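Before any comments, here is the structure.
The values are calculated or read from the model by the stated rules, or taken from the named source; none is laboratory data. The model shown is predicted, which means the values in this text are computed figures rather than measured ones. Accessible surface is based on the protein model in full, side chains and every heavy atom, while ligands, DNA and RNA are left aside. Shrake-Rupley method; radii C 1.70, N 1.55, O 1.52, S 1.80 Å.
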Amino acid sequence: MTRQAIVPKELQSYYSDWKMAPGLISGQHVFLTGFTGTDPGGNLPEDPEAQIRNAFEKIGLVLREANLDYGSLVEMTSYHVGLRAHLEVFKAVRADYVVEPYPAWTAIEVAGFVQEGAIVEIRAIAALD
């Protein structure tokens with residue numbers, strides 16, 4: 001089976017520095033790496049909504065690089081520090097991006113992430129068809 005890395009130029013450091021593909025085509029799916037809410041400059045906003053939106057925007061970069069859109073998402077897992085504190089904000093922001101038929105979604109509470117202050121990380125799978 002052929003696999004192909006999806007690496008938008010804005011996320012090149014994921015591939016070169018961290019040795020992971022922002023997205024990877026395998027079979028008929030694109031598997032997206034988990035994205036936190038840093039902005040394009042690598043800064044982490046204090047505002048939960050801004051962090052969540054930044055994570056969704058990174059997902060969009062990978063989808064567009066693969067000639068897909070948010071309607072291609074079939075599964076999403078979100079990891080949260082303080083899940084209950086920002087779940088409603090997450091749901092509202094998520095609604096700005098996902099479309100029907102909505103992807104499957106699992107939300108999981110975690111203790112923390114690599115970058116101090118990050119409150120969310122989102123990973124997803126998109127279908128190529």
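Please turn the phi angles of segment 118-128 into ³J(HN,Hα) values with the Karplus equation 6.51 cos²θ - 1.76 cosθ + 1.60 (θ = phi - 60°), one per residue in order, whole Hz, x for glycine and proline.
5, 10, 8, 9, 10, 10, 8, 10, 10, 9, 7
How much of the accessible area of the chain, in percent, comes from carbon and sulfur atoms when a 1.4 Å probe is used?
In the chain, the share of accessible area belonging to carbon and sulfur is 52 percent.
Hey, what angle do you get for helix 48-65 against the long axis of the chain, alpha-carbon based, 0 to 90 degrees rounded to 10?
So the inclination is approximately 0 degrees.
Pairs of Cα atoms under 8 Å, at least six residues apart: use those to get the relative contact order of the chain, whole percent. Each step should come with its number before you reach the end.
Details: 234 pairs, mean separation 40.4, N = 129.
This gives 31 percent for the chain.
Kindly work out what percent of the DSSP beta bridges joining two residues of the chain are antiparallel, to the nearest 5.
75 percent
Accessible area per residue of the chain at 1.4 Å probe, in Å²? Mind showing how you got there, number by number?
Details: 7120 Å² over 129 residues.
So the chain comes to 55 Å² accessible per residue, rounded to a whole number.
Quick one: which residues, 5 or more positions from G23 or on another chain, have an amide H under 5 Å from its amide H? H modelled 1.01 Å from N in the peptide plane, none for Pro or chain starts.
So G23 has HN proximity to I6, T33.
Across segment 26-34, in residue order, what do the Karplus-derived ³J(HN,Hα) couplings come to in whole Hz, using 6.51 cos²θ - 1.76 cosθ + 1.60 with θ = phi - 60° and x for Gly and Pro?
9, x, 9, 9, 10, 9, 9, 5, x
Run the numbers for S13 and L128: contour at 0.36 nm per residue of separation, minus the present Cα-Cα distance, in nm.
Contour length minus Cα-Cα distance gives 38.9 nm.
Amide H neighbours of L128 under 5 Å, at least 5 residues apart or on other chains, H built in the peptide plane: list them.
Distant-sequence amide H within range of L128: H29, V30.
Would you please give the residues with an amide H less than 5 Å from that of G37, counting only those at least 5 places away or on a separate chain, with H modeled from the backbone geometry?
Those lying under 5 Å, H to H, from G37 are I119, V120.
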